[in-house]
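The values are calculated or read from the model by the stated rules, or taken from the named source; none is laboratory data. Everything numeric here is computed off the predicted structure, so don't read it as measured data. Heads up, the Cβs are rebuilt from the backbone with ideal geometry, glycines too, and the neighbour counts pull from every protein chain shown.
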Amino acid sequence: MGVTHHGRTERLDLADPTLREWSCTVLASDPETGIVLDRSAFYPGGGGQPPDHGVLIWSGVETHIAGTRKGDDLYLIPTDGDPLPPVGAQVTGAVEDVRRSMLMRTHSGLHVLCGVVFRDFGALVTGGNMEELTARMDFNLPEVPPGFRDAVEAACNTEVQAGRRIDVRVLPRDEAFALPDIIRTATNLVPPEVKDVRIIDIVGLDQQADGGTHVASTRQVGRIEVVKVESKGKGFRRLRIRIAD
Ligand SMILES: [Zn+2]
């Protein structure tokens, strides 16, 4: 739903992925449908990155947020049985830092992997998913050359050590898809009504249209371990990775 807002909610997480605490106002509050804020840094999930967990604090009360639901508005789902802040309440929102920070490292690590496998082996990404510090990514790769796992792991960690900058840019759709490298992952995933496209650029390695939260440099990812290369069918390879310190 755009690069700055989702429905009535300003997406603070897109503007600043390091933000963990902010003040905001409750626009809607219902035990069934959830809570809508005017400003939120909760990543709502998408692009393989799971939603944030966290808490809303108001009048000395805590409402734990266990997930999100994306509709016309961005709904935060409270933990069962927690009290709900009333509409109009000023609350402090807080994203659970440990989980989010691990997901940011993992997500950026997957983009490093994607960039390396495309550059060195010409393989396109067909899917992926992540949890904290573990992830899988699927590639269309007809043959697995000897030493593939070790080569990918070594190249990924070279890119981590290089400390490549990870930039976020928002471009008009036409400009975004004129980037020579962007087409391989994104063209078909961005719906036609989307006018502005958010680009995650690991400078010199990988550019993707992406709505996720990322670290600022590849060095912040940590060590990337390629745990396993699985063959799931004709040309279908699944790489499982783990992120270490
Ligand atoms: Zn991504």
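Here are some notes:
- Subset of the stretch 203-217 [in contact (Cβ under 8 Å) with a residue 40 or more places away in the chain and within 23 Å of ALA41 (Cβ to Cβ)]: GLN208, ASP210, GLY211, GLY212, THR213, HIS214, VAL215, ALA216, SER217
- Residues that are surrounded by fewer than 22 Cβ atoms within 10 Å (Cβ to Cβ) and at pLDDT 95 or above, drawn from the stretch 232-242: ARG238, ARG240, ARG242
- Scanning the stretch 187-245 for residues that are among the acidic types (Asp, Glu) and not in a strand (DSSP E or B) yields GLU193, ASP210, ASP245.
This table checks each residue for (1) surrounded by fewer than 22 Cβ atoms within 10 Å (Cβ to Cβ); (2) closer than 30 Å to PHE236 by Cβ; (3) at pLDDT below 95.
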site	(1), (2), (3)
ILE77	yes, no, no
GLY128	yes, yes, yes
ALA135	no, yes, no
ASP167	yes, no, no
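- From the options ASP120, ASP97, residue that is within 30 Å of VAL226 (Cα to Cα), more than 16 Å from the ligand (Cβ to nearest atom), surrounded by fewer than 17 Cβ atoms within 10 Å (Cβ to Cβ) and within 15 Å of the chain's Cα centre (by Cα): ASP97
- Any hit, the stretch 130-148, residues being without any contact (Cβ under 8 Å) to a residue 40 or more places away in the chain, touching a helix residue (DSSP H, G or I) at 6+ places or on another chain (Cβ under 8 Å) and within 16 Å of the ligand (Cβ to nearest atom): yes
- For the stretch 8-21, the set of residues classified as over 16 Å from THR213 (Cα atoms) and surrounded by fewer than 17 Cβ atoms within 10 Å (Cβ to Cβ) consists of ARG8 only.
- In the stretch 154-166, the residues that are assigned to a strand (DSSP E or B) form Cβ pairs under 8 Å with partners that are of a type in the set (A, V, I, L, M, F, W, C) and surrounded by 19 or more Cβ atoms within 10 Å (Cβ to Cβ), at six or more places apart or across chains, as follows: ARG165/ILE202; ILE166/ILE200; ILE166/ILE202; ILE166/VAL215.
To keep it simple, each residue is scored yes or no on (1) modelled with pLDDT of 90 or more; (2) small (Gly, Ala, Ser); (3) more than 20 Å from ARG119 (Cβ to Cβ).
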| residue | (1), (2), (3) |
| --- | --- |
| LEU179 | no, no, no |
| ILE183 | no, no, no |
| GLN207 | yes, no, no |
| ALA216 | yes, yes, yes |
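- Matching residues in the stretch 46-65 - criterion: being of a type outside the set (A, V, I, L, M), modelled with pLDDT of 95 or more and farther than 11 Å from ASP82 by Cβ: GLN49, PRO50, PRO51, ASP52, HIS53, GLY54, TRP58
- Summed over the stretch 26-53, residues that are touching a Gly at 6+ places or on another chain (Cβ under 7 Å) and more than 16 Å from the ligand (Cβ to nearest atom) total 5.
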